[in-house]
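The structure appears right after this line, and notes come after that.
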Amino acid sequence: MYDNICKFLAENFKDDLATWLLGSPIKLTEISPTELSNEPIRADSLILLQSEELVLHIEFQTDPDENIAFRMLDYRIRGYRRFPHKKMRQIVIYLRKTGSELVNENSFKLERTYHEFDVIRLWEQPTEKFLTVPGLLPFAVLSQTKDPTMVLTQVAQAVETITNQQQQRNIAAASGILAGLVLKQDVIRKIFRSEIMRESVIYQEILKEGKAEGKAEGKAEGKAEKARNVALNLLRIGMSLEQISQVTELSLEQVQALQKEILES
C-alpha cells in the first residue's frame, strides 16, 4: 500500500517531485510502463515521467529488494530503445529505515556490463525540504528526525493551510498512511482528523478495492488473506470498525483484533 500512496503523489504532484529530485519544476507527463515493454517488471511501485529532454524513472521501496539493481538496468535499456535521444534519471527512494546493505546499492554489474542509478534513503534527508511543498509533506515524517510525532504535527498544521479542499484531504490521507511506517496508529489519529482522511480520493480507492476484492472469486484462504489486508489498510486511514466489517465481510471481533495488532506493532 505504501508504494501505491507514493505513486499517487508522484502522479498528482509532478512539479513538486521534479523540484525535489531534479532541482527545478520541469514539466513532466506520465509514461505507461507498456510504452517501454509489453511485459513490465512489477509496475506497482514504478513511476515513469518524461519531459522533452528527460525520462524520470522513480521506484519507491518500502523495504530492500535484491532485484532492484537489475530492474533499474532493465528499464534503462528499455528507455533507450524507446527514447534513444533522451537522458534518463533513475532514482530508488527507500521509505523505511533499515540496516540492510541493500539500500546502499546503486549499481548493477554483470561481467563487462555496468550501470549506475541514484538512491535516496528518506531517513537521511533533511526534514525542512519536505515541509514547504504540498506534494512532499507526506514524506516529512519519514525524514531525518528524532521526533516524528512533532514532524507529523507540523505536517498537519501545513495541511490545514492548503486552500484546495480535495488536495488537502488527499495530502492528509497520504501523510497519515505513510506515518504508519514510524508511528503507532493512535498517535496518528490524535494528529489527523479521520473524517478529512475518509473524504480523500485515496480513501475512496482503498474502499473501492476492498469491495472489489470482497466480491472476487477464489480459494477461501486467498479471500481471507485479501480481506485481512484490505481491513488493515482501511484501519490505517481511520475507517470505522463497523464499515470495515461491512466492506470486508470480516466479523467485528476480527476487525478489532486487527486494530489491536496495528496498535501493538
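The values are calculated or read from the model by the stated rules, or taken from the named source; none is laboratory data. Source: prediction; values computed, not measured. Ideal geometry is used to build each Cβ from the backbone, glycine not excepted, and the neighbour counts take in all protein chains shown. Just the protein is used for accessible areas: all its heavy atoms, side chains included, with ligands, DNA and RNA removed. Shrake-Rupley method; radii C 1.70, N 1.55, O 1.52, S 1.80 Å.
Candidate cross-link partners of LYS260 among the aspartates and glutamates, defined by an alpha-carbon separation under 20 Å and a same-chain spacing of 8 or more, comprise ASP186, GLU225, GLU242, GLU249.
Report, in deg cm²/dmol and to the nearest 500, the calculated mean residue ellipticity at 222 nm for the chain, where each DSSP H run with n ≥ 4 adds -39500 (n - 2.57) and the sum is divided by the residue count. Rounded to the nearest 500, the figure is -15000 deg cm²/dmol.
Given a cut-off of 23 Å, name the pairs among LYS7/LYS129; LYS87/LYS129; LYS7/LYS146; LYS7/LYS190; LYS190/LYS226 whose C-alpha atoms lie farther apart than that in the structure shown.
The answer is LYS87/LYS129; LYS7/LYS146; LYS7/LYS190; LYS190/LYS226.
When only alpha carbons are used to place a centre, region 159-198 and region 128-142 end up 13 Å from one another. Once the Kirkwood radius over Cα pairs is known for the chain, the Stokes-Einstein relation at 37 °C and 0.692 mPa s delivers a diffusion coefficient of 167 µm²/s.
In summary, the aspartates and glutamates within cross-link reach of LYS86, defined as a Cα separation below 12 angstrom excluding same-chain residues under 8 places away, comprise GLU52, GLU53.
How large a share of the accessible area of the chain, in percent, is made up of carbon and sulfur atoms when the probe is 1.4 Å and the other protein chains stay in place?
Numbers: 6400 of 13670 Å².
C and S atoms contribute 47 percent here.
Distance from the C-alpha centroid of region 61-101 to that of region 1-29: 16 Å, rounded to the whole angstrom.
Taking a 1.4 Å probe, which of ARG112, ARG169, ARG189, ARG71 shows the most accessible area, and what order do the others take after it?
Correct descending sequence by accessible area is ARG112, ARG189, ARG169, ARG71.
Once Lys and Arg get +1 and Asp and Glu get -1 on their Cβ, which of GLN166, VAL103, TYR75 lies farthest toward the positive end of the dipole of region 49-178? The one lying farthest along the dipole's positive direction is TYR75. When the GluC sites (Glu not before Pro) in region 57-139 are filtered for DSSP coil states and for at most 11 other beta-carbon atoms within 10 Å of their beta-carbon, the remaining sites are GLU66, GLU111. What you get for the chain, charging only the Cβ of Lys and Arg (+1) and of Asp and Glu (-1), is a dipole of about 240 debye around the Cα centre. Summed over the residues of region 87-134 and divided among them, the accessible surface reaches 62 Å² per residue at a probe radius of 1.4 Å.
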